[in-house]
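Heads up, the thing below is written out as structure tokens.
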Amino acid sequence: MSAIIEVKDLCKEFSYYEKDVGLKNSVKNLFLRKKLIKKAVKPISFEIEQGEVVGFLGPNGAGKTTTLKMLSGILYPTSGTAKVLGYTPWERKNEFKRQFSIVMGQKNQLWWDLPANESLYLNKCIYEIDDNSYNETLSTLTELLDVKDLLKVQVRRLSLGERMKMELIASLLHKPKILFLDEPTIGLDIISQKKIRDFISYYNKEHKTTVLLTSHYMADIEGLCKRTIVINHGEIVYDGELSKVNEVFDNKKIIKLQFESPVETHLLEKFGKIRGTEDLKATIEMEKSNVRANIMELLGRFPVNDFNIEDIPIEEGIAMLYSKGGKALEKV
Amino acid sequence: MKKFKKYIKAFELGLQSSMEYRANFALSLISSIFPMIMQIFLWTAIFFNSKEQEILGYDYMQMISYIVIASIINKLVSTGFEWDIAEDIKNGGLNKFITRPVGYFSYRIFSFLGSKVMQLAVVSVILTIILTVINSKFSLGITPERIALFLISIPLALLINTFICIISSSTAFWMTESWAAFIFMNLLVQFSSGGLFPVDILGKGFMKLLDFLPFKYIVYFPTNIINGKLPIQEIFTGIIMQCLWIAIMFILAKIFWKIGMKKYIAVGG
């Protein structure tokens, strides 16, 4: 199958000003502003196939939203090319716009003062959806998300979670082939997050819609995306299955030990990096290949009454990817 | 037809939104009376302290009736959605239009016209009453022909104002805070449109300058159609000028927006 989204060397720079603290510098800035360039997205390339759910993960300011904005045609890139459904997004062709949707968790797209069904109906008109198809889609979606009773309520009176559901419905009325979601679960409680997640997952399976989402919540990405693209400082530092993130880190394992009587810490140092000790407990990070030999030795030499072998938690792997920053790692 | 339906809906939503806030609507009507009352007091004082019957080509009654009619027309053709547009530019509200198959311009204009309907209806009734009263007392010479031409000139004036609004809102692309630009533009339009006083009292030189600008076609021109000051022939030329200005400003607005859009940077990363 050919790729539905093709991105090649896409790059975006912003210019901005800097001002030092104080009135003196404010006056200075009034006359002379030094223009600085920030590379929000350094040349990145990737491809996404139809029906995939891909997660964009990265710290604040990594360039996730900027990338989504370029792919949906909101921003012109500084250089590089992108093809989405065969269209160049920033040409903003109407035929292209009819085939995708973007939902931004932090931005409201509905009419604040009017009930949600008015905004939904406006979307019906904008996308030129016929009555039958509209009614059918609307009733399916409202049932799935359990918001049928809320359609007539003023949007401003809805809770954040309810509003997000309405936003999702508004974005899916025209059955888009691609759905861009920018932090769809931001600010929601755990249950609402899960509901939104389940819905996206279900919808993707039913309609084979390609979903590209950004999130800060690991649970969103873990629960939804087989493939994750980690971005940091505008560069792709990882592209692959989330569960395999740690393979990047030289196959390290964590051994947790519980002793019967106190053991001197320095005696443990030869087995690997000591991550922490506490009363009768110790955590050691070591090479996977040494685990067998080390365990044997540990059990033989020390009064161990319990032990655990664990993977490095994904969060930690991601955090390490974040902190490594500029240096892109090998793709898995 | 289906293509046009979105704009009808936009119109309808604008109308619904305007009806949501009734107190705001009533207050905005009442507040526009104050400048008019101020003007009446001012000109009354000027006329009663002068030995001349006529000042700057107007006698007392002519001046007062101009001010009353012009104030109402001013309200009739007022816009003011540049704040909404600037807000959209500043806070990224434009995004939802960029990513959807809908024209921002047309959408805004239709939604604005929708929100204007209530006001138009109420102000038109007030205007009709006032015109009938003034006409019966001082005989303005209102003929069906003048009423017809007046009714053509008002929507055109509203369109000119709308495009001025769109053009000045495009400053928001270059300035993050554009309220000063809006206030400047507002004062300029208020002053030279004839909404405050008949602009011809400023002299021939100023009128020459205004001939090359669209502003006097907003209030001064329609007011003079209905109060009988303009000869019929000049009304026709005026209406052609209005159309011309609409065309020019439509093109200007398009150009500004095209450049602005290139510059547009959606906020937040």
>> Under a crude label model (7 Å from the Cα following the beta-carbon direction), how far is residue A:34 from residue B:61 in nanometres?
In response: 7.3 nm
> For the protein assembly as shown, what does -39500 (n - 2.57) per DSSP helix run (n ≥ 4), summed and divided by total residues, give at 222 nm, in deg cm²/dmol to the nearest 500?
Replying inline: -16500 deg cm²/dmol
> How big is D for segment A:77-193, in µm² s⁻¹ as a whole number, if Stokes-Einstein is applied with the Kirkwood radius of its Cα pairs at 37 °C and 0.692 mPa s?
Replying inline: 216 µm²/s
>> For the protein assembly as shown, give me the percentage of DSSP beta bridges that are antiparallel, rounded to the nearest 5 percent.
In response: 70 percent
>> Could you compute the net charge surrounding residue A:58? Neighbours are other residues with a C-beta less than 10 Å from the C-beta of residue A:58; K and R count +1, D and E count -1.
In response: 0
> Taking residue B:3 as the anchor, which aspartates and glutamates have their alpha carbon closer than 16 Å to its alpha carbon, excluding any fewer than eight residues away along the same chain?
Replying inline: A:95, A:128, A:130, A:131, B:12
> For segment A:1-141, what does the equivalent ellipsoid look like in terms of its semi-axes, each the square root of 5 times an eigenvalue of the Cα gyration tensor, given largest first in whole Å?
Replying inline: 36, 23, 13
> Heavy-atom accessible area of residue B:109 with all protein chains present, probe 1.4 Å, nearest 10 Å²?
Replying inline: 30 Å²
> Once phi is turned into θ = phi - 60°, what whole-Hz ³J(HN,Hα) does the Karplus curve with 6.51, -1.76 and 1.60 give for every residue of segment A:97-111, x standing for Gly and Pro?
Replying inline: 4, 6, 10, 9, 8, 10, 10, 10, x, 9, 10, 8, 10, 9, 6
>> Taking the alpha-carbon distance from residue A:64 and a cut-off under 12 Å, which aspartates and glutamates remain once sequence neighbours fewer than 8 residues away in the same chain are dropped?
In response: A:182, A:183, A:235
>> Quick check on segment A:129-207: take the gyration tensor over C-alpha atoms, sort the square-rooted eigenvalues as a ≥ b ≥ c, and tell me if it's rounded (a/c under 1.5), prolate or oblate.
In response: oblate
> Gain in length, residue B:152 to residue B:16, computed as 0.36 nm per residue apart minus the alpha-carbon separation, to one decimal in nm?
Replying inline: 46.3 nm
> Roughly what angle does helix A:116-126 make with the longest principal axis of chain A, taking Cα atoms, 0 to 90 degrees, to the nearest 10?
Replying inline: 70 degrees
> Could you state the number of Å between the C-alpha centres of segment A:4-49 and segment A:148-177?
Replying inline: 34 Å
> Rounded to the nearest 0.05, what FRET efficiency do residue A:269 and residue A:226 have when you use their Cβ-Cβ distance and R0 = 25 Å?
Replying inline: 0.05
> What FRET efficiency would be calculated for the residue pair residue B:139, residue B:54, taking the C-beta separation as r and a Förster radius of 22 Å, to the nearest 0.05?
Replying inline: 0.75
> For residue A:252, which lysines qualify as cross-link partners when the Cα separation must be under 24 Å and same-chain residues fewer than eight apart are set aside?
Replying inline: A:226, A:244, A:270, A:273, A:281, A:288, A:324, A:327, A:331
> Measuring from centroid to centroid over Cα atoms, what is the spacing of segment B:183-242 and segment A:100-143 in Å?
Replying inline: 45 Å
> Along segment B:81-87, what does the Karplus equation 6.51 cos²θ - 1.76 cosθ + 1.60 (θ = phi - 60°) give for ³J(HN,Hα), rounded to whole Hz, x for Gly and Pro?
Replying inline: 8, 4, 5, 5, 5, 4, 4
>> With every atom except the alpha carbons ignored, what do you get for Rg and Dmax of chain B, in angstroms?
In response: 19.9, 69
> So which of A:165/B:6; A:208/B:96; A:42/A:165; A:208/B:6 end up more than 31 Å apart by C-alpha?
Replying inline: A:42/A:165
>> Give me a comma-separated list of calculated 3J(HN,Hα) values for segment B:175-180, in order, Karplus coefficients 6.51, -1.76, 1.60 applied at θ = phi - 60°, integers in Hz, x for any Gly or Pro.
In response: 10, 5, 10, 10, 5, 5
>> How many angstrom lie between the Cα centre of segment B:145-174 and the Cα centre of segment B:32-65?
In response: 28 Å
>> Testing the spin-label approximation: label points 7 Å from Cα along Cα→Cβ at residue B:91 and residue A:310. State their distance in nm.
In response: 4.4 nm
> Between their Cα atoms, which of A:8/A:39; B:9/B:263; A:107/B:2; A:8/B:90 are more than 23 Å away from each other?
Replying inline: B:9/B:263; A:107/B:2; A:8/B:90
>> For a quick check of your reading of the filter: which chymotrypsin sites (Phe, Trp or Tyr not before Pro) in segment B:102-207 sit in a DSSP loop and have no more than 15 other Cβ atoms within 10 Å?
In response: B:174
> How many nm is it between the label spots at residue A:206 and residue A:14, if each spot is 7 Å from the Cα in line with the beta carbon?
Replying inline: 3.7 nm
>> Can you give the FRET efficiency to the nearest 0.05 for residue A:290 and residue A:218, using r as the Cβ-Cβ distance and R₀ = 35 Å?
In response: 0.75
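The values are calculated or read from the model by the stated rules, or taken from the named source; none is laboratory data. Predicted model, so just to flag it, every value in this text is computed and none were measured. Virtual Cβ from ideal backbone geometry, glycine too; neighbours counted across all protein chains shown. When the accessible area is computed, the model is the full protein with side chains, heavy atoms only, and any ligands, DNA or RNA have been set aside. Shrake-Rupley method; radii C 1.70, N 1.55, O 1.52, S 1.80 Å.
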